[in-house]
Amino acid sequence: SQADMYQLLSYAKIYEDSQASPMRLMLIYPANEDFNEPIDFKFNDINDIQLTLLPFDIEESVRNNDYCSEWFGNYAAR
């Protein structure tokens, strides 16, 4: 949602001096048929801030106990 984006941008502005460039932000949303791959954005109006939207399969996390640790492990390296 737009409110999520504004909140992330607010955090980015607060922490931008203490972070190395480029700053990477990630939002995790429930996966669905239309959203099942990460989506990357670069904010053109703010220097060196990149945003990635990550799909999280809630149903799979309930069925598979290892899903969460594997999922977060995969995206922690991004």
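Read-outs: derived from the displayed coordinates by stated rules, not from any lab. Note that the structure is predicted; figures quoted are calculated from it, not measured. Neighbour counts are summed over all protein chains in view; Cβ atoms, including those assigned to glycine, are modelled from backbone coordinates with ideal geometry.
Using only Cα atoms, tell me the angle between helix 2-15 and the longest principal axis of the chain; keep it within 0 to 90° and round to the nearest 10.
Long axis of 2-15 versus the principal axis of the chain: about 60 degrees.
With n ≥ 4 as the cut-off for DSSP H runs, can you work out [θ] at 222 nm for the chain, using -39500 (n - 2.57) per run divided by the number of residues, rounded to the nearest 500?
One gets -11500 deg cm²/dmol as the mean residue ellipticity at 222 nm.
Packing-wise, with mean Cβ within 10 Å as the measure, how do 62-68, 24-30 rank, highest first?
The densest-packed peptide leads the list: 24-30, 62-68.
By how many degrees, between 0 and 90 and to the nearest 10, does the Cα long axis of helix 67-76 differ from the longest principal axis of the chain?
Helix 67-76 sits roughly 30 degrees off the main axis of the chain.
Starting from the eigenvalues of the Cα gyration tensor, five times each then square-rooted, give me the equivalent ellipsoid semi-axes of the chain, largest first, whole Å.
Ellipsoid half-lengths, sorted descending, are 26, 14, 10 Å.
Tell me, what are the semi-axes, in whole angstrom and largest first, of the equivalent ellipsoid of region 29-70 as set by the roots of 5 times the Cα gyration tensor eigenvalues? Let's see the in-between values first.
Details: eigenvalues 153, 27, 6 Å².
Three semi-axes, in Å: 28, 12, 6.
Let me have the relative contact order for the chain, percent, based on Cα pairs under 8 Å that are six or more residues apart.
That works out to 26 percent.
Roughly how big is region 25-69's charge dipole about its Cα centre, with Cβ charges of +1 (Lys, Arg) and -1 (Asp, Glu), in debye to the nearest 20?
Using Cβ point charges on Lys, Arg, Asp and Glu, region 25-69 gives about 140 debye.
As I understand it, the dipole of the chain uses +1 on the Cβ of Lys and Arg and -1 on the Cβ of Asp and Glu, about the Cα centre. Which of L54, N65, Y15 lies farthest toward its positive end?
Among L54, N65, Y15, the one farthest towards the positive end of the dipole of the chain is Y15.
Taking the Cα centre of the chain as origin, work out the dipole magnitude from +1 charges on Lys and Arg Cβ and -1 charges on Asp and Glu Cβ, in debye rounded to 20.
280 debye
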